[in-house]
Amino acid sequence: MSLNEIASLHPFFQLAPLVVFLPVLGLLINLLVGKRLGEKGIGAVASLATGGAFVVAVLLAVGLAQVSEGGTLTLANWITLGDLGVSWSFRIDTLSVLMMLVVSGVGTLIHIYSIGYMHSDVRHNEDPGRFRRFFVYLNLFIAFMMVLVSSDNFLMLFVGWEGVGLCSYLLIGFWFEKGADGIGNARAAKKAFVVNRIGDFGLLIALFLLFYNFGTLNFAEIFEKAPAVAAAAPGAIMAITLFMLLGVTGKSAQLPLFVWLPDAMAGPTPVSALIHAATMVTAGVYLVARSQALYFEVPAAQNVVMWVGALTAFFAATIAVGQNDIKKVLAYSTISQLGFMVTVVGMGATVAGMFHLTTQAFFKALLFLGAGSVILGVEHGHAHAHAKAGEHGHDSFDPQDMREMGGLRKRMPLTFTVYLLGGLSMAGIAPLAGFFSKDEILAAASEKSIAVYVLLTAAAFLTAFYVGRQLVMVFFGKPRSDASEKAAESPLLVTLPLIILALLAVFGGALNLPGSHLLETWLEHSLPETAPGQFVLPVALISLGIALLGLLLAWLVYGRKPIFEKGQPDPLRRPLNGLFKALENKWWVDELYHAVIVRPYQSIAQFSAGAVDQGVIDGVVNGMGSLVRSGAKWWRRFQNGYIRSYALTIVFGVVLVITYLVLR
Amino acid sequence: MSLGLIFMYSALALVVVVSGIGLITSRNAIYAALFLVLNFITVALLYIVLGAPFIALAQVTVYAGSIMVLFLFVIMLLGAEQLPIAEPLRGQRVLGILLAAAFLAEMVLFVLLRGAPTVAGQAVSPEFSTPTTIGMLLFERYLLPFEMTAGVLLAATVGAIFMTRQPRPDRKGALPAVPEEGKE
Amino acid sequence: MPMSYFIGLSVVMFAMGILGVLLRRNPLVVFMSLELMFNSANLLFVAFSAYHQVLDGQLFVFFVMTTAAAEVAVGLALIVAVFKAKRTIDLDQMSSLKG
């Protein structure tokens, strides 16, 4: 539909393109005149741009409340090539607007937080250009993410998909000269990009298959034709959905492509919060949710998705138990929660998945930002402590290591409160938001498959356990290092978004309380055949009980007197022994990949470069050159300068010609 | 054909061949020039036999009379030296003789295979090639080549003069000197 | 007079000319061998002219003769010029075109 037509549906719908263009405008302003604006100016521009996108999303939501089917706004024709017609269109329906709200809402809060957080970075490095670059990249990310969720065909979705992958790379490697050996961050960014690429390859194949079988890439047309094509060629749909799953495992960090997410923690904490907790990684979940019509045709693919998600959820949760870096725990926790989401959209209970996506955005962002606040405080304390002693070294001190923290409850009370709320919400304690969303997931699982239900429940138990472990290690007991002794609370710019997110994490359950089912009625206009979420009381009670049990166990192991003292080994080490070592080393997955995939690939590359490229190809080309040269050298002997020699040659030629004439 | 005719033609042919051989084998350049003169005169006799008296006389006057005289002048001018017998170029002698023999063989083959006319032509009448008839043909049909030949002779004259003039004392206008053997 | 006779004689003269050009080192003798070759061609022209009873052959000999004269003039001038520069007339010494 054109702009006028959609305005006739509802006047607010015309504003849809602004969700993309406002962040673009923000980044252009920062890019061009950012130097003159100063830190506060740059941050304000970026936050206003994202905030503006949020306001537009709210307006779109208001419009959708009245015109619930939504509409499609076509901006421009992008590709028209034979049968393929792809246009840049905005799909305004409840699913996409929900994603827009989450992305821009959480995004705005994180922008505000970043102004305070990145301030110290500039002070340490004295490179104001970096501040500007950070916000440019953040706005670029928001723009691309909006393209992803607002597109009405698979190709525009892919454009956004790739774009957020790019921004992820740029932002992970933001401090590109830091990290192990001065290159560790760049390596982590590269790893994220490459692993994502493998997933993108799967998605691309799915796109090709889609076009081949359906003749179009438009959502509406494909979902209409889905039953017909499924009847005609069921193998095709299966292939499409499985390749799409490959893309999802890449972007949403599921088995086997999750390895980039923990390394991505090398980026600044706001980046981890926005991209790797709340938004980019949920793109995979959104993709499956959007393509429900395809997945419903192939129950086998649905099963695969479900099991991938469930196994990831459990696997990542086990690793989180053994980690010592505060952000790594949260990273594996993200992978685990994404596993929950992927499981449930694989089952077909899309509403539960989107609900969990929303609440996870709240409490995971909160936890990450809170961790950032903790890290800031500890760094401040470290600088304070060592400034007094006259030292200035930062080398061996890792502000993110939980073993160096402790007792921060008294030093940073606000951070403690919000972190506690976020953690409890994630663990699934009623009546916080996480309880309701997780409960819906478990309820759906209990109906679909008992095995998956057991796996998810175990993952939930482990979630509660590692949340408790983290809370106790960081905030309770006595400080285990000078840094945590002198830690200070963070400034308002940092804590204000935390408070807002905490409120959302607490009250966000209201979105889909059993009985009111707000989200469900909201979403059923965009999703086919959603099973109504049920509130199964036994399941809810079991999950609550499991969560409390997990927290209690964590308190018993880590919190009882004597509380985990400085220098002591982890209390879990002795009972679990070898198992704990495996957990600490993340089941050696990275090492496995390196040995099985990376090293052979590198040796193939060496071989191709050395033996094949230099040896054969260059050899042929150079060989031809030297062949010509030696040939010429031989021929040059005929030019000996003697006239009689030349005369001989001429006569020889004459004789040849006459021979030919004679024999003709 | 009568025996006398055969005898005459054989004698003339013999002289031609012998003088040719003498030309290419005598070490002294003057002897070679003289052999060539003999050759020319004998060929002129053959022309007469073939009914081309004007050409025969032209042969004697132009070829034997002026060209050979020119040759002899230059030979004497350059003090024709006796060059050493040994052939510095490897294989030149062998290949040369080989190629000449091959050429000869091929020509004979050509004649035999393609069948050159072996019968004699009719005898020509005396009015066949008088200066009048030649002149008529020359100035009617071949006027353009005739004039062009004049141009060629003019060019040759100018060229010969230009190439052999003495350089003026200030070295301007001299031909560029040929570089010595050493610097290549 | 059978034509093959004259053709044979002409060919022999030509072959002798070739031998002279290839085997002699004195440029003057080379030139003279060249004249021998011209002559053999002239002989052939005249012979065929008599055979076919057409005068054009003889006329061609006329032109060949004049052109040969011009060529000899220029060629000898060239030899003289080279002699003045090189002080020798050995053909094998003129190998500056060696590549």
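Restricting attention to region B:47-65 and to residues that are within 7 Å of chain C (Cβ to nearest Cβ) and over 15 Å from the mean Cα position of the chain (by Cα), the residue that is farthest from C:Ser40 (Cα to Cα) turns out to be B:Gly51. Counting the residues of region A:13-30 that are open to solvent by 70 Å² or more (accessible area, probe 1.4 Å) and within 14 Å of A:Phe54 (Cα to Cα) gives 1. Helices (runs of 4 or more DSSP H) fully within chain C that include at least 2 residues being surrounded by fewer than 22 Cβ atoms within 10 Å (Cβ to Cβ) and touching an Asp or Glu at 6+ places or on another chain (Cβ under 7 Å): none found.
Screening A:Phe296, A:Phe362, A:Phe368, A:Phe314 for residues that are open to solvent by 10 Å² or more (accessible area, probe 1.4 Å), closer than 24 Å to A:Ile500 by Cα and among the hydrophobic types (A, V, I, L, M, F, W, C) leaves exactly one candidate, A:Phe362. Considering the conditions (1) touching an Asp or Glu at 6+ places or on another chain (Cβ under 8 Å); (2) within 25 Å of A:Gln323 (Cα to Cα); (3) not aliphatic (A, V, I, L, M), A:Phe435 is excluded by exactly one of them, (1). Taking region B:147-166 as the range and being open to solvent by 60 Å² or more (accessible area, probe 1.4 Å) and either at the interface with chain C (Cβ under 9 Å from one of its Cβ atoms) or not basic (Lys, Arg) (or both) as the test, the residues that pass are B:Glu147, B:Met148, B:Val152, B:Leu153, B:Leu154, B:Ala155, B:Thr157, B:Val158, B:Ile161, B:Phe162, B:Gln166. Does region A:590-608 contain at least one residue that is open to solvent by 50 Å² or more (accessible area, probe 1.4 Å) and touching a residue at least 12 places away in the same chain (Cβ under 8 Å)? Yes, that holds for at least one residue. Residues in region A:143-157 that are open to solvent by 10 Å² or more (accessible area, probe 1.4 Å) and aliphatic (A, V, I, L, M): A:Val147, A:Leu155, A:Met156.
A single entry from A:Gly406, A:Gly434, A:Gly468, A:Gly477 fulfils the requirement of being modelled with pLDDT under 85, part of a helix (DSSP H, G or I) and farther than 24 Å from A:Met118 by Cβ: A:Gly434. Checked against (1) surrounded by fewer than 21 Cβ atoms within 10 Å (Cβ to Cβ); (2) closer than 30 Å to A:Phe355 by Cα; (3) touching a Lys or Arg at 6+ places or on another chain (Cβ under 8 Å), A:Leu166 meets all criteria but (3).
In region A:67-87, the residues that are within 17 Å of A:Glu221 (Cα to Cα) form Cβ pairs under 9 Å with partners that are surrounded by fewer than 14 Cβ atoms within 10 Å (Cβ to Cβ) and of a type in the set (Ser, Thr, Tyr), at six or more places apart or across chains, as follows: A:Leu73/A:Ser2; A:Thr74/A:Ser2; A:Val86/A:Thr80; A:Ser87/A:Thr80.
Residue pairs whose Cβ atoms lie under 9 Å apart, sitting 6 or more positions apart in sequence or on different chains, and linking a residue in region C:21-38 that is at the interface with chain B (Cβ under 7 Å from one of its Cβ atoms) to a partner that is open to solvent by 20 Å² or more (accessible area, probe 1.4 Å) and among the aromatic types (Phe, Trp, Tyr), are C:Met32/B:Phe35; C:Leu36/C:Phe14.
Number of residues in region B:57-80 that are within 25 Å of C:His52 (Cβ to Cβ), crowded, with 23+ Cβ neighbours inside 10 Å and not polar (S, T, N, Q) equals 1.
In region A:616-641, the residue that is nearest to B:Gly91 (Cα to Cα) out of those that are open to solvent by 70 Å² or more (accessible area, probe 1.4 Å) and at the interface with another protein chain (Cβ under 7 Å from one of its Cβ atoms) is A:Gln639.
The number of residues in region B:1-27 that are facing chain C (nearest Cβ under 8 Å) and surrounded by fewer than 13 Cβ atoms within 10 Å (Cβ to Cβ) comes to 2. Answer yes if at least one residue in region A:100-110 is at pLDDT 85 or above, farther than 16 Å from A:Val58 by Cβ and not charged (D, E, K, R), and no otherwise. Yes.
Could you tell me how many of the residues in region A:190-245 are small (Gly, Ala, Ser), open to solvent by less than 40 Å² (accessible area, probe 1.4 Å) and part of a helix (DSSP H, G or I)?
The total comes to 8.
Please find, among A:Leu544, A:Leu551, A:Leu496, the residue that is at pLDDT 80 or above, in contact with a helix residue (DSSP H, G or I) (Cβ under 9 Å, 6 or more places away or on another chain), over 28 Å from A:Ala320 (Cβ atoms) and in a helix (DSSP H, G or I). One residue alone meets the criteria, A:Leu496.
Can you tell me which of A:Leu22, A:Leu15, A:Leu37 is aliphatic (A, V, I, L, M) and within 14 Å of A:Arg132 (Cβ to Cβ)?
Exactly one residue qualifies, and that residue is A:Leu37.
One residue is enough: does region B:108-129 have a residue meeting the conditions farther than 26 Å from B:Val49 by Cα, at pLDDT 80 or above, not small (Gly, Ala, Ser) and not in a helix (DSSP H, G or I)? No, every residue in region B:108-129 fails to be farther than 26 Å from B:Val49 by Cα, at pLDDT 80 or above, not small (Gly, Ala, Ser) and not in a helix (DSSP H, G or I). The condition of being more than 27 Å from the chain's Cα centre (by Cα) and not charged (D, E, K, R) holds for only one of A:Ser437, A:Ser425, A:Ser449, that being A:Ser449.
The values are calculated or read from the model by the stated rules, or taken from the named source; none is laboratory data. Computed from a prediction, not measured in an experiment: that's the story for all the values here. Note that each Cβ is placed from the backbone with ideal geometry, even for glycine, and that neighbours are counted across all protein chains shown. Accessible surface is based on the protein model in full, side chains and every heavy atom, while ligands, DNA and RNA are left aside. Shrake-Rupley method; radii C 1.70, N 1.55, O 1.52, S 1.80 Å.
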